[in-house]
Structure formats: C-alpha cells, structure tokens
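Trainee: Below is one structure. I have some questions about it.
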Amino acid sequence: MRIKIAMALMSVIFMFVVAIISNGFYLLPGSDEAVLLEVMSTISLFGSVLFLLDTRKVLPRWYLAVPFCISLSLLVLVSFWQVNGKEFLSGYRHLVTPLVITILALLSPFSLLVFLSLHRHPYSMKAYLAVSSIASVISISSLLFAVWELSSRHSHEASFSDGLIAIHFLYWLIVMPIIGLSFLHRAIK
C-alpha cells in the first residue's frame, strides 16, 4: 500500500505544467512558478524516497529508481535556491533555467527506470514501459537538439528555433502529464 502512495506522490512533478496553467487562472495562491516547482518537486521527492525505502524490501531491482530520486533531489535544491537564494544566484541566474529544464527532461528516462524496477511485478508493465520509452526519446532528442542549437550560435544570440520550442511544448504539455497519469494509474491498480 505504501508503494502505491509513493507512486502517486511521485506523479506530482509531472503535472507541473498543468499546475502552471491552472495557476494562470489564479486557482492556486501566489503566481510564482519557482515556488510551485519547489512545492511539487518536494512532494515528488518524498514519494521517491518512500518508494525506495519500501521497494528495497520486495523488489530485486529497486536500485533502478535511484536516479529518479537523485534528479528530484537536485530539482528541489535548484528550485530552493531559485526561490530563497536570490542574492546567492545573482551572478548565476542564467544557469538556473537551463538546469531546471534539463532536470525536468531527464525525469522521463528516469521514470522508465522506475517502471523497469517494477518489471515482473504482479501487473503488466508493457504500457508503462511504452509510454516512458516514447517520452524518453522525445525528451532526450529535445535536449540534444537544444545543445546542438546553442553550441552552433554565439552566446549572445542564444535563442531556440520554432521546431525546438514545439518539441518542448509537446513534452511539457502532453508527454509529462501522460507520464504522471501512468504513475497514478499504476498507483491505483
């Protein structure tokens, strides 16, 4: 039962864009996306730690979920510094957003590892693995495309093409919530 609760908590970070959109309608208090990211990543981190603590007793490949937990830890630290350390990050402000985007993009391949740790567990994992695999391909390709685009331009001209922006919107608006729903579905099942 605690593993199911942990998976439901882990799904929270994948609903980040949904929360931003709902926050645009002022349904949530405050309007700062960094605070929202801090709260959601902290909830997911607690879920991933609970998942690791409980699955290490029952699953032989529990260690596959460790990268997901580490990435959430980094996301919590970066978003905490973004919210509370304005003077500390004043000279490094330009690094925070790419770091957050990179960590969010890496959550898809790491969620694939979480589902692989559950493989051969009592439920069919093929659908979860397929969703996570497709999401991983989209997120890694968008990251590689972004790095290639930024490296081919001068630093003062750093901007993204329409194709890359479309891939990121596809990932954030569709793929991430689908992964979050996969975690929720697995938690309910």
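Trainee: So if R0 is 22 Å, what FRET efficiency would Ile5 and Ile101 give, r being the distance between their Cβ atoms, rounded to the nearest 0.05? Walk me through the numbers before you get to the answer.
Mentor: Numbers: r = 29 Å, r/R0 = 1.31.
The formula returns an efficiency of 0.15 here.
Trainee: At 1.4 Å probe size, put Phe115, Phe80 in order of accessible surface, largest to smallest.
Mentor: These residues rank, largest area first, as Phe80, Phe115.
Trainee: Follow-up. Leaving ligands, DNA and RNA out of it, rank Thr102, Thr97 by accessible area with a 1.4 Å probe, largest first. Each step should come with its number before you reach the end.
Mentor: Working: Thr102 50, Thr97 80 Å².
Solvent-accessible surface, decreasing: Thr97, Thr102.
Trainee: Still on this model: Sequence-distant or interchain residues sharing an amide H contact under 5 Å with Arg61, placed H: which?
Mentor: Close amide H contacts, sequence-distant or interchain: none at all.
Trainee: Now for a separate question. Determine how large the accessible area of Trp81 is when every protein chain is in place; take a 1.4 Å probe and give Å² rounded to the nearest 10.
Mentor: Surface accessible to solvent at Trp81 totals approximately 110 Å².
Trainee: Peptides 65-75, 5-15: what's the order by average Cβ count within 10 Å, highest mean first?
Mentor: So the order, starting with the most tightly packed, is 5-15, 65-75.
Trainee: Something else about it: Would you mind computing, in nm to one decimal, how far apart the modelled labels at Val18 and Asn84 are, each placed 7 Å from Cα along Cα→Cβ?
Mentor: So the two model labels end up 2.8 nm from each other.
The values are calculated or read from the model by the stated rules, or taken from the named source; none is laboratory data. None of these values were measured; they are calculated from a predicted model. Cβ atoms come from the backbone with ideal geometry, glycine included; neighbour counts cover every protein chain shown. Side chains are part of the model used for accessible areas, which takes the heavy atoms of the whole protein and leaves out ligands, DNA and RNA. Shrake-Rupley method; radii C 1.70, N 1.55, O 1.52, S 1.80 Å.
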